[in-house]
Amino acid sequence: MKSTNQSLKPLTTKINDAGNLEIGGCDLISLAEKYGTPLYVLDEETIRNICKDYKNAFKSYPKTKMMYASKALCTMAVSAIAASEDFGFDVVSSGEIYTVYKAGVDMSKVLFNGNNKSFDELTLAIELGVGRISVDNFFELSLLNEIAKSHNKVVDILLRITPGIECHTHEYIQTGHLDSKFGFDLTQIDDAVELILNDYTNLKLHGLHAHIGSQIFETLIYGDEIEILVKELVRLDEKFNITLNEINVGGGLGVKYTNSDVPPSTYEIADIIIKRLKECIEKYGIEPPTLFLEPGRSIISTAGVTLYTLGSSKQVPKGKKYFAVDGGMADNARPSMYRAEYLAQVANKPDYELAQTVTIAGRFCESGDILINNITLPELEEGDILCVYNTGAYNYSMASNYNRVQKPAMVLVNNSQSDIIIKRETLEDLISHDVIPDRLKNK
């Protein structure tokens, strides 16, 4: 069975009667005219559909809890949508904690993850009632226990471990292999558990957490991860007489950025995870543990597109034809960071004949600011609106003010209605935190 993450475009994408691209019942040219470009556009129906895909895929294992990985895209509106679909949240900073809190999320359904949480961040998590903290290292164990003790609280935790699984994805987004900055090595788990049981009495251990990477197309590695986590639960019970009943397998399911990408569906990974988990339950004779998953990219990426206005062009003699857009690496860092590939259409010419192969360049002062290399498009002209697909994840969340350029706005579309969910930054926003010391001011 197919799922939404296997689609290249938002589910509501079509060509309307005006001959323009339309998403969520909204004409993309009209959106560009109303809100300006660059513009992030999110399709609510697509977000809700992938949430339902996950819930339906795992319904045969009732003790499953879905946690949206907020780092993919964390806004109050997105948090409200995910919460309404009965998702919890995986957060990795005080900013993400505060965002979901202000969105009205049930904080008991939030898990705080990360490899170097600060004193202030851990304090905020405790004070706002974050449900689980995934502890990454010995330093954090000590610090968290100290903070919990000062608040006269017992904090519920998981231990994040490095399972030693290497998946085939970009090396920067592999997280489960042994040479990783994340988590306790398998040889360190016993020492951590001993500290929790004997010294860190303000911490309550519930289970283990692992993450094997991002943009994953393999499926069998999820089964391997389940086996490692359950085996560790059983081993710890035998050695320490401690019953742990939670396993968190992270997320990482891939999406379709290009036509050559063939990501597995939510149903495929659910079959593998649930089958292996049930086999382990029978094999080791344990009570079924609560299973946590943390999808992020696969929840939000497909729902998002970015609209740009085409500007200048350049024909290199006997070489490439470049067209520049009014955005680039500051609103989508992935091509320059990971050599990520994207597909696009001209929103005002979606059914025109494909006539030329061009390279889409960004506006920023870097030679590496190339959004799309060698894409075949119709004849282009200044003012055309380019729609780049699958930009919902890790675009806005990794955006910067490089070259002192304002970050774009974001709109949510649904049933022919568009709503601003992130305002476009202004020039005043850019300087709002700048301070000139008195000694530098003109007297």
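Which residue is surrounded by the fewest Cβ atoms within 10 Å (Cβ to Cβ), if the candidates are limited to region 400-443 and must be touching a helix residue (DSSP H, G or I) at 6+ places or on another chain (Cβ under 7 Å) and in a loop (DSSP other than H, G, I, E, B)? Only one residue tops the list, namely Asn401.
Just so you know, in region 92-109 the residues that are of a type in the set (Val, Ile, Thr) and in contact (Cβ under 8 Å) with a residue 24 or more places away in the chain include one that is surrounded by the fewest Cβ atoms within 10 Å (Cβ to Cβ), and it is Thr99.
In region 219-234, the residues that are touching a residue at least 60 places away in the same chain (Cβ under 8 Å) form Cβ pairs under 9 Å with partners that are of a type in the set (Gly, Ala, Ser), at six or more places apart or across chains, as follows: Glu225/Gly176; Glu225/Ala210; Glu225/Gly250; Ile228/Gly164; Ile228/Ala210; Leu229/Gly207; Leu229/Ala210. Note on region 297-363: enclosed strands (runs of 3 or more DSSP E) holding 2 or more residues that are within 20 Å of Lys256 (Cβ to Cβ) are 304-315, 344-346.
Here the condition is being modelled with pLDDT of 95 or more, closer than 30 Å to Lys14 by Cβ and out of contact with any helix residue (DSSP H, G or I) (no Cβ under 9 Å at 6 or more places or on another chain); of Leu377, Leu371, it holds for Leu377 alone.
Count of region 23-57 residues, restricted to those that are among the charged types (D, E, K, R) and crowded, with 20+ Cβ neighbours inside 10 Å, is 4.
For the list (1) over 22 Å from Ile50 (Cα atoms); (2) of a type in the set (S, T, N, Q); (3) not assigned by TED's automatic domain parsing to the domain that holds Leu412, I need the number of the one condition that Ser260 fails. (1) is the only condition that Ser260 fails. Taken as a whole, the condition of being at pLDDT below 95 and assigned by TED's automatic domain parsing to the domain that holds Asn113 applies to Thr187.
Taken together, the residues in region 22-43 that are in contact (Cβ under 8 Å) with a residue 40 or more places away in the chain and more than 21 Å from Asp331 (Cβ to Cβ) amount to 1. Could you list all residues from region 22-33 that are in a helix (DSSP H, G or I) and not aliphatic (A, V, I, L, M)? Those that are in a helix (DSSP H, G or I) and not aliphatic (A, V, I, L, M): Ser30, Glu33. Figure legend. Inter-residue proximity from region 275-294: first residues in a helix (DSSP H, G or I), second residues aromatic (Phe, Trp, Tyr) and surrounded by fewer than 22 Cβ atoms within 10 Å (Cβ to Cβ), beta-carbon distance below 7 Å, spacing 6+ or different chains. Indicated pairs: Leu277/Tyr61. Only one of the numbered conditions (1) more than 30 Å from Asn414 (Cβ to Cβ); (2) of a type outside the set (S, T, N, Q); (3) in contact (Cβ under 8 Å) with a residue 40 or more places away in the chain; (4) assigned to a helix (DSSP H, G or I) is not met by Ile269, and that is (1). Please go through region 181-209 and give me each residue that is in a loop (DSSP other than H, G, I, E, B) and within 17 Å of Lys231 (Cβ to Cβ), ordered by number. Across region 181-209, the qualifying residue is only Gly183.
Of the listed requirements (1) surrounded by 24 or more Cβ atoms within 10 Å (Cβ to Cβ); (2) not β-branched (Val, Ile, Thr); (3) not assigned by TED's automatic domain parsing to the domain that holds Ala324, Ala77 misses just one: (1). Checking region 369-385 against the condition returns a match, with at least one residue being farther than 23 Å from Leu28 by Cα and assigned to a loop (DSSP other than H, G, I, E, B). Taken together, Gly114, Gly19 contain a single residue that is out of contact with any Gly (no Cβ under 9 Å at 6 or more places or on another chain), assigned by TED's automatic domain parsing to the domain that holds Asn348, touching a residue at least 12 places away in the same chain (Cβ under 8 Å) and not in a helix (DSSP H, G or I), which is Gly19.
The values are calculated or read from the model by the stated rules, or taken from the named source; none is laboratory data. All values reported here derive from a predicted model rather than from experimental measurement. Methodologically, a virtual Cβ is constructed for each residue, glycine included, from the backbone with ideal geometry; neighbour enumeration extends over all protein chains shown.
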